[in-house]
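For reference, the structure I am asking about is given below.
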Amino acid sequence: MELRPYQQEVAKAIFDSILQGKGLTFSVEIARQGGKNELSAHIEVLLLTMYIAKGGTSIKCSPTFKPQTLISMNRLKDRLDDFGYEGIWQAEYGYIMRLGAARQVFLSADESSNVVGHTSDILLEVDESQDINQDKYSKEFRPMA
């Protein structure tokens, strides 16, 4: 699946920040059914591919594990398969997808979730950030990046 021009524009800005070590923060708002989650999955596949040998970790958090995190994980699995990685990527611990030495970690940002100990050296994604408790984000997720 090819990204639409407005999705490509966002992806280019994100990759520029990552590759240039800028560490920028982006807020992406796309109309309902406009492909925000598809864009996210494409970015995740490309990052896993780019860091397959070097290694690294990206983290994506969502307000809930069920259904939001599970939907994101399934979408990434489908895209990895679509891009020819079927049988190559591996799932770990039920919430991590690994391609070579690169990992995509999926976490719940529910107030009762325990996320301490994870670190992200590639990308920290926050899905539906308006629904995530700001204290939870500031204390537990922001230090990961």
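Take Glu38 and decide whether it is acidic (Asp, Glu), under 15 Å from the mean Cα position of the chain (by Cα), within 27 Å of Pro143 (Cβ to Cβ) and in a helix (DSSP H, G or I).
no
Could I ask something else about it? Looking at (1) assigned to a loop (DSSP other than H, G, I, E, B); (2) surrounded by 18 or more Cβ atoms within 10 Å (Cβ to Cβ), which one does Ser113 not meet, given that it meets all the others?
All conditions pass for Ser113, except number (2).
In region 55-79, what count of residues is obtained for those that are touching a helix residue (DSSP H, G or I) at 6+ places or on another chain (Cβ under 6 Å) and part of a helix (DSSP H, G or I)?
The total comes to 3.
Whether any residue in region 79-99 is closer than 20 Å to Phe26 by Cα and in contact (Cβ under 8 Å) with a residue 24 or more places away in the chain is what I want to check.
Scanning region 79-99, I find no residue that is closer than 20 Å to Phe26 by Cα and in contact (Cβ under 8 Å) with a residue 24 or more places away in the chain, so the answer is no.
Restrict the check to region 7-23 and report whether at least one residue is touching a residue at least 60 places away in the same chain (Cβ under 8 Å), within 15 Å of Glu125 (Cα to Cα) and not hydrophobic (A, V, I, L, M, F, W, C).
Looking for residues that are touching a residue at least 60 places away in the same chain (Cβ under 8 Å), within 15 Å of Glu125 (Cα to Cα) and not hydrophobic (A, V, I, L, M, F, W, C), one finds at least one in region 7-23, hence yes.
Going through region 100-145 one residue at a time, which ones are out of contact with any Asp or Glu (no Cβ under 9 Å at 6 or more places or on another chain), within 16 Å of Thr25 (Cβ to Cβ) and of a type in the set (Gly, Ala, Ser)?
The answer is Ser120, Ser129, Ser138.
Of everything in region 27-52, what is over 19 Å from Val105 (Cα atoms) and in contact with a helix residue (DSSP H, G or I) (Cβ under 6 Å, 6 or more places away or on another chain)? Give them in sequence order.
Matches in region 27-52: Val28, Ile30, Gly35.
Within the set of pairs 6 or more residues apart or between chains, which connect a residue that is among the polar types (S, T, N, Q) inside region 30-48 to a residue that is assigned to a helix (DSSP H, G or I) and at pLDDT below 95 with Cβ atoms less than 8 Å apart?
Nothing qualifies.
Still on this model: Report yes if Met50 is at pLDDT 95 or above and out of contact with any strand residue (DSSP E or B) (no Cβ under 7 Å at 6 or more places or on another chain), otherwise no.
yes
Considering only region 84-109, state which residues are assigned to a loop (DSSP other than H, G, I, E, B) and either surrounded by fewer than 16 Cβ atoms within 10 Å (Cβ to Cβ) or touching a strand residue (DSSP E or B) at 6+ places or on another chain (Cβ under 9 Å) (or both).
Gly84, Tyr85, Glu86, Gly87, Ile88, Trp89, Tyr93, Gly94, Tyr95, Ala101, Ala109 - these are the residues of region 84-109 that are assigned to a loop (DSSP other than H, G, I, E, B) and either surrounded by fewer than 16 Cβ atoms within 10 Å (Cβ to Cβ) or touching a strand residue (DSSP E or B) at 6+ places or on another chain (Cβ under 9 Å) (or both).
What is the residue count in region 19-39 for residues that are among the acidic types (Asp, Glu), at pLDDT 95 or above and exposed (fewer than 13 other Cβ atoms within 10 Å of the Cβ)?
Residues flagged as among the acidic types (Asp, Glu), at pLDDT 95 or above and exposed (fewer than 13 other Cβ atoms within 10 Å of the Cβ) within region 19-39 amount to 0.
Being more than 17 Å from the chain's Cα centre (by Cα) and of a type outside the set (D, E, K, R) is the filter; apply it to region 94-145 and report the residue that is modelled with the lowest pLDDT.
Restricting to residues being more than 17 Å from the chain's Cα centre (by Cα) and of a type outside the set (D, E, K, R), the top hit is Val116.
The values are calculated or read from the model by the stated rules, or taken from the named source; none is laboratory data. Everything quoted here is computed from the prediction, not taken from an experiment. Glycine also receives a Cβ, built like all others from the backbone with ideal geometry; neighbour counts cover every protein chain displayed.
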